Amino acid sequence: MNEFVQRLDLATGTYIKIEVRSGRLIGEPSKRRFADAEEIEPIEIERNWPATSDPLGDFR
């Protein structure tokens, strides 16, 4: 297992490098992948979606 992992921040298009043991960010974000870090899933920002009506609400 690598000592570092990297994630792509979809909002900014940059990679961040994270130390596995401590969870701390290492260095500055980069537009290019880090050679010594394993890639993990991208960062996804939760968005608040507009409320919708409940189509089955009358049956509950």
Can you compute the charge dipole magnitude of the chain about its Cα centre, using +1 on each Lys and Arg Cβ and -1 on each Asp and Glu Cβ, nothing else charged? Give it in debye, rounded to the nearest 20.
200
Between LEU10 and PHE59, with labels modelled 7 Å along Cα→Cβ, what's the label distance in nm to one decimal, could you check?
3.2
Extended-chain gain in nm, criterion 0.36 nm per residue less alpha-carbon gap, SER30 and ILE43:
3.2 nm
Hand me the GluC sites (Glu not before Pro) from the chain located in a DSSP loop with no more than 16 other Cβ atoms within 10 Å, in residue order please.
GLU3, GLU44, GLU46
Are there trypsin sites (Lys or Arg not before Pro) in region 1-58 that DSSP marks as loop and that have at most 15 other Cβ atoms within 10 Å, and which are they?
ARG21, ARG24, LYS31, ARG32, ARG33, ARG47
For the chain, what is the Kirkwood estimate of the hydrodynamic radius, computed as the reciprocal of the mean inverse distance between distinct Cα atoms, to one decimal in Å?
13.9
Residue (of PRO29, PHE4, ILE43) at the positive-pole extreme of the chain, dipole from beta-carbon charges
PRO29
Return the sequence-ordered ³J(HN,Hα) values of region 30-39 in whole Hz as given by the Karplus equation 6.51 cos²θ - 1.76 cosθ + 1.60 applied to θ = phi - 60°, using x for Gly and Pro.
9, 6, 10, 5, 8, 6, 9, 10, 7, 8
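A short reminder: the numbers here are calculations on the coordinates, not readings from a lab. As the structure is a prediction and not an experimental result, all values here were calculated from the model. A quick note on method: Cβ atoms are made from the backbone with ideal geometry, for glycine too, and the neighbour counts reach across all protein chains shown.
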